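Participant: The structure's right below; bear with me while I get my questions together.
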Amino acid sequence: MELFRRTAGAIMRPARVQVHRDTPCDQVARQMTELGESCAVVLDARRIRGMVRAEDLLRLPAERLSPETPVAHCLPPGPPLLVRRGMPLYQVLGLLQQQQRQQAPVVTAEGAVCGIVHERDCLGSSIEGVTGHFQHVLAGTSATTLARARERQPHLLAGLLDQGLRGHQLQEVISRLNDSIHRQAFAIARDAMEQDGWGQAPYPFALVLMGSGGRMESFLDPDQDNGLVIADYPDTEHGAVDRYFSELARRVIGLLDHSGIRLCTGNVMATNPLWRKTLTQWHQQVRGWLRSRSPQGFLHSNILLDCRGVAGDMPLARAMRGDLVAQLSGSATFVRSLTLNDSIREVGLGWFDRLITDTGESAHAGEIDLKRHGIMPIVEIARLYGLAHGLEATSTPERLNALREQGTLDADDSNALKEAHAFMAELVFRQQLSDWRAGRITGKHVAPEALNRCDREALVRSLKTSQSMVRKLSRDLAGGAEH
């Protein structure tokens, strides 16, 4: 694929902070602050010794750190990770992830520093290339073009897996493609309503996604979790205004269903008035959930906490989300109640590292639902910790990164959760590709006996990480109460 022919040199940033290994730490920190940079290349004469980040300076034990401490003392152990200017991006991504680095110096053929490459830029560039690859498919104006775009996703996924992208990156690629499908469905429905005499939207509004789509953590078999946020309008206009948005929602949901994004069995869709409200009505709804503390209110709060705008008036969507987080995170007792009342943190690992699988008459007897009993506990850990600390991030990796940066989770716990989340997502994608190739319905169940020894051991480690962090979550947010 063309996108994998792009190189580090195409996306590298200038290496604006380059210092000698004997430069004092406080001087390096000042340079990074003044230039707005998060890292510095450390040199010894013309030889690159490595790269130091601002957080590396902060992490050095107090007894080893003074204003005069040479920056070389803050370098990570081992030889420096260097990226050749002509290295393909997928190889750069593989190196960064293998060595758990977020950035690396880019060097010329002679070994001179010519820039810095960041993991997020590699991934962002790859995703832009992927979505651009699909734009000609989405350029049409019919439900058929949307369905065609969905049908091509397994082919793309197979190529990305072969190129070494991790589970969370694959989820983001699929989610961005589904975002494009949502936006195109919205445009098709809006234009058709104008042609049918409905006119333009009477007030600004935004289409928001929730669930896996809201977190940008979709798999190949998404269902719909969406809603509408509408600008406030006079009550006297409610009948006409709601008729318009009800019809718009009906058309968008129908187009998405035709494309292969299934209807939500729980009716979390904009066609349901519960998920179609003005900004003020959303504020009042959240306030009602805070007061009632009902199981349904806890469920709906959890769903809405993953929302993000995908089409329409994005500032309106951000305003709704900001108010939601502010209200819910402002009540420590609600966060505690939400932690105690949640029921999807049942990790699929029993005594003696036994994987807990479906039993009895289940169509998946002997298989483990890896999303429900592996991935979702980690999603919940990140979501609830994030809520308790007022984070507005929606994706699980972003929440875990933010929790690490603010000191809520240490680096080991944050990295272990991210690795477990990415690995289990990758296992699900592999299973879905196997199902698709065999003509089976894709799902999230994985048969343990189908895993090789290495993957099975890694799965057990991932589930153990999940279990231990669920217990920590209970201690931190619910006072140690078990559920």
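The values are calculated or read from the model by the stated rules, or taken from the named source; none is laboratory data. A quick note: this is a predicted structure, and the numbers were derived from the prediction, not measured. Virtual Cβ from ideal backbone geometry, glycine too; neighbours counted across all protein chains shown. SASA here: full protein model, heavy atoms, side chains in, ligands and nucleic acids out. Shrake-Rupley method; radii C 1.70, N 1.55, O 1.52, S 1.80 Å.
Participant: How much accessible area per residue does region 339-479 have, in Å², with a 1.4 Å probe?
Facilitator: Ligands and nucleic acids excluded, the result is 46 Å² per residue.
Participant: Okay, next question. Magnitude of the Cβ-charge dipole of region 125-330, K/R +1 and D/E -1, about the Cα centre, nearest 20 debye?
Facilitator: Roughly 380 debye, rounded to the nearest 20.
Participant: Another question, if that's okay. For a quick check: with amide H placed at 1.01 Å from N, whose amide H comes under 5 Å from Gly115's, ignoring anything fewer than 5 positions away on the same chain?
Facilitator: Counting only residues 5 or more places away or on other chains, the set is Ala15, Val106.
Participant: Which FRET efficiency value, to the nearest 0.05, do you get for Ser246 and Arg183 by plugging their Cβ-Cβ distance into 1/(1 + (r/R0)^6) with R0 = 22 Å?
Facilitator: Calculated transfer efficiency: 0.65.
Participant: What angle, in degrees between 0 and 90 and rounded to the nearest 10, separates the Cα long axis of helix 411-437 from the longest principal axis of the Cα atoms of the chain?
Facilitator: Helix 411-437 sits roughly 60 degrees off the main axis of the chain.
Participant: Let me ask you something else. Is the C-alpha gyration tensor of region 125-330 telling us rounded, prolate or oblate? Criteria: a/c under 1.5 is rounded; beyond that, a/b larger than b/c is prolate, otherwise oblate.
Facilitator: oblate
Participant: Quick one: helix 332-341 against the long Cα principal axis of the chain, what's the angle to the nearest 10°, folded into 0 to 90?
Facilitator: 80
Participant: By DSSP, what percent of the beta bridges with both residues in region 125-330 are antiparallel, rounded to the nearest 5?
Facilitator: On the way: 9 of 13 bridges.
Here the antiparallel bridges make up roughly 70 percent for region 125-330.
Participant: How many nm is it between the label spots at Arg440 and Phe352, if each spot is 7 Å from the Cα in line with the beta carbon?
Facilitator: Modelled inter-label distance: 2.8 nm.
Participant: On to the next question. Using only Cα atoms and rounding to the nearest 10 degrees, what angle (0 to 90) does helix 167-195 make with the longest principal axis of the chain?
Facilitator: Relative to the chain, helix 167-195 is tipped by roughly 40 degrees.
Participant: Among Thr280, Cys264, Met193, whose Cα projects farthest towards the positive end of the dipole of the chain, with charges put on the beta-carbon of Lys, Arg (+1) and Asp, Glu (-1)?
Facilitator: Farthest towards the positive pole: Cys264.
Participant: With every protein chain left in place and a probe of 1.4 Å, what is the accessible surface of Glu449, to the nearest 10 Å²?
Facilitator: Estimated to the nearest 10 Å², Glu449 gives 140 Å².
Participant: Ok, one more. Arrange the residues Asp223, Asp232, Asp56 by how much accessible surface each exposes, largest first, with a 1.4 angstrom probe.
Facilitator: Asp232, Asp223, Asp56
Participant: Trypsin sites (Lys or Arg not before Pro), restricted to region 310-365: which are DSSP loop and have at most 12 other Cβ atoms within 10 Å?
Facilitator: When the trypsin sites (Lys or Arg not before Pro) of region 310-365 are filtered for loop state and at most 12 Cβ neighbours within 10 Å, Arg354 remain.
Participant: With each label point set 7 Å from Cα along the Cα-Cβ vector, what nm distance links Arg30 and Thr280?
Facilitator: Inter-label distance under the simple model: 5.4 nm.
Participant: Given charges of +1 on the Cβ of Lys and Arg and -1 on the Cβ of Asp and Glu, with all other atoms neutral, how large is the dipole of the chain about its Cα centre, in debye to the nearest 20?
Facilitator: 540
Participant: Also, quick follow-up: Under a point spin-label approximation (7 Å from Cα along Cα-to-Cβ), what is the Asp323-Ala411 distance to one decimal in nm?
Facilitator: 4.1
Participant: Moving on. Could you order Trp275, Trp351 by accessible surface area, starting with the largest, using a probe radius of 1.4 Å? Spell out each step's value before the answer.
Facilitator: Details: Trp275 5, Trp351 210 Å².
Per-residue accessible area, sorted high to low, gives Trp351, Trp275.
Participant: Counting only protein heavy atoms, what percent of the accessible surface of the chain is carbon or sulfur at a 1.4 Å probe?
Facilitator: Solvent-exposed carbon and sulfur of the chain make up 50 percent of the total.
Participant: Taking the alpha-carbon distance from Lys444 and a cut-off under 18 Å, which lysines remain once sequence neighbours fewer than 8 residues away in the same chain are dropped?
Facilitator: Those lysines meeting the cut-off are Lys371.
Participant: Show which lysines lie in cross-link reach of Lys472 when reach means a straight Cα distance below 20 angstrom and same-chain residues fewer than eight apart are skipped.
Facilitator: Result set, ordered by chain and number: Lys418, Lys464.
Participant: Continuing with the same structure: Which order do you get for His445, His20 if you rank them by accessible area with a 1.4 Å probe, largest at the top? If you can, show how the numbers build up before the last one.
Facilitator: Values: His445 35, His20 75 Å².
Descending accessible area places them as His20, His445.
Participant: If I take every Cα pair under 8 Å that is 6 or more residues apart in the chain, average their sequence separation and divide by the length, what percent do I get for the relative contact order?
Facilitator: Averaging sequence separation for qualifying contacts and normalising by length gives 12 percent for the chain.
Participant: With charges only on Cβ, +1 for K and R and -1 for D and E, what is the dipole size of region 379-483 about its Cα centre, in debye, rounded to 20?
Facilitator: 340
Participant: Of all DSSP beta bridges in the chain, what percent run antiparallel (nearest 5)?
Facilitator: 70
Participant: Using just the helices of the chain, give the 222 nm mean residue ellipticity in deg cm²/dmol: DSSP H runs with n ≥ 4 each add -39,500 (n - 2.57), and the total is spread over all residues, rounded to 500.
Facilitator: -16500 deg cm²/dmol
Participant: Now a separate question. If a/c stays under 1.5 just call it rounded; otherwise compare a/b with b/c (prolate if a/b is bigger, oblate if not). Do that for region 339-479, with a ≥ b ≥ c from the square roots of the Cα gyration tensor eigenvalues.
Facilitator: Judged from the Cα gyration tensor, region 339-479 comes out prolate (a/c at least 1.5, a/b above b/c).
Participant: If you compute Rg/Rh (Cα atoms, Kirkwood Rh) for the structure shown, which of (1) 0.99; (2) 1.17; (3) 0.96 do you land on?
Facilitator: After the calculation, the listed value that fits is (1).
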